[in-house]
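A quick write-up on the structure given underneath.
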Amino acid sequence: MVRVKLEQLREGCVLAQDVIGKTKKPIMPKKTVITKQLLHVLSKFLINEVEIEPVLANGEPFLAGDSASTKADERPVMLYLQAVQRYKKAFQSWQAGGAVDIGEIREIAIPLFNKMIKHKRELLMLHHYTTKEEYLYHHAVSIGLLAGFLAMQLGYSQGECHQIVLAGVLSDCGMAKISSQILMKPSALTEEEFREIEQHPILSYRMVQNIAALNQGAKLAVLQHHERNDGSGYPLRVKAEKIHPYGQLIAVADVYYAMTSERLYRRKQSPFRAIEAIQREQFGRLNAEVVALLVNHLISLQTGAIVKLSNGETAEVIFIQPDEPARPIVKVMKTGQLLSLVEQRNLYIEEIL
């Protein structure tokens, strides 16, 4: 990490540690991507120095003349951000008419996956690094990593896990053939625009169907990652028995990442809120075993976590309730009061700090 003075800080820097105010309470949580507005907030709180990651959110190295930095070339977050930028360049080449270079995608994704599976907390919290403008590139790399991780937990072989990672990373390559005006639209899509977006799995499949290094399961996963078990998905509206297991894995990773990430036209949700929404809204639509696996791994990380509640209070997660893991018992930091979010239905966890 890098310690820098406030005047050295710039947009795109990623906080490596919580920023603590004069009252010893967090002002901004680690993993926050700095914006112009947040620079102003830090100035108002009279913050002199902060700890940041050695790379910016766009993958470029942070350069500061007199900062005291530690070498971090192998830090998972640095490798991840660099991979996102390499994927972005590949995506731009597809927009210009280039073909998918599977060797390049493998070089981007597989070494990163092999590194990230040793850092489960980082892997399951990659959404913190997403920016609205670069969501598409973060999304592709992240769902490949998440789907591969879930496959590994289910006992898939290393070779199959790698195929699933590649399928996840390439599942949205067909987006390169969609109009940039639609991809970068800052508001909700019209029905006609969404119908165009619904074609991207077919476009993605056409781009990978002749790649010998991808097995048939991976190619089907690219085509089917937006299909749903009840037939309500797209593009072909097939049901569970016709959806390849690889596609069902990627579908769960895709939904979770989309819900927890900041997007141009939609605010992110906390992992707790995403879990609750997936269990409520996606019941019968996603593979229940994969959803349960994701929930269990996410929840196992959260006891002791510091969170922000929907009423603005900061609290500590004390106990995860097995029947409703998205609604734990928390202790309010300011008062020490214990709250059961199962009983306090008007409250929810807005973000993990």
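Residue by residue, the stretch 214-227 carries 3J(HN,Hα) couplings of 9, 7, 5, x, 5, 5, 5, 4, 4, 6, 10, 5, 10, 6 Hz when phi is fed to the Karplus relation 6.51 cos²θ - 1.76 cosθ + 1.60 (θ = phi - 60°); x denotes Gly or Pro. Accessible surface area normalised per residue over the chain is 46 Å², counting heavy atoms of protein chains with a 1.4 Å rolling probe. Counting only Cβ charges, +1 for Lys and Arg and -1 for Asp and Glu, the dipole size of the stretch 196-353 around its Cα centre is about 260 debye. Listed cross-link partners 177/308; 132/177; 88/115; 31/115; 89/132; 30/120 are compared with a 28 Å cut-off, the Cα-Cα value being larger for 177/308. Percent of accessible area on the stretch 195-234 owned by carbon and sulfur, 1.4 Å probe? The value for the stretch 195-234 is 47 percent carbon and sulfur by accessible area.
Considering only Cα atoms, the convex hull volume of the stretch 1-135 works out to 123 Å³ per residue. Coupling constants for the stretch 298-303 follow from the phi torsions by the Karplus curve (6.51 cos²θ - 1.76 cosθ + 1.60, θ = phi - 60°), and in residue order they are 5, 5, 4, 8, 9, 4 Hz; glycine and proline get x. In the chain, the alpha-carbon atoms span a convex hull of 144 Å³ per residue.
First measure r as the distance between the Cβ atoms of residue 190 and residue 133, then evaluate 1/(1 + (r/R0)^6) with R0 = 22 Å and state the FRET efficiency to the nearest 0.05. Calculated value: 0.55. Taking θ as phi - 60° and the Karplus parameters 6.51, -1.76 and 1.60, the scalar couplings of the stretch 89-101 work out to 5, 5, 4, 5, 5, 5, 4, 8, x, x, 8, 6, 9 Hz in sequence order, x denoting glycine and proline.
Here the stretch 237-353 has 49 percent of its accessible surface on carbon and sulfur atoms, given a 1.4 Å probe and all protein chains in place.
Between residue 89 and residue 183, the distance separating the two model label sites (each 7 Å from Cα on the Cα→Cβ line) works out to 1.7 nm. With the convex hull drawn around the C-alpha atoms of the stretch 153-305, the volume per residue stands at 120 Å³.
Annotation: amide H-H contacts under 5 Å for residue 27 (H modelled 1.01 Å from N, sequence separation of 5 or more, or interchain): 19, 20, 21. Only protein atoms count toward the accessible area here, which uses a 1.4 Å probe; on the stretch 1-59, the carbon and sulfur part of that area reaches 53 percent. Of 135, 257, the residue with the largest accessible area leads and the full order is 135, 257 (1.4 Å probe).
Around the amide H of residue 32, modelled in the peptide plane, lie the amide H atoms of 15, all under 5 Å away and 5 or more residues distant in sequence or on another chain.
The values are calculated or read from the model by the stated rules, or taken from the named source; none is laboratory data. Quick caveat: nothing in here was measured; it's all calculated off a predicted structure. Note: ideal-geometry Cβ built from the backbone for every residue, glycine included; neighbour counts use all protein chains shown. Note: areas computed on protein heavy atoms with side chains; ligands, DNA, RNA excluded. Shrake-Rupley method; radii C 1.70, N 1.55, O 1.52, S 1.80 Å.
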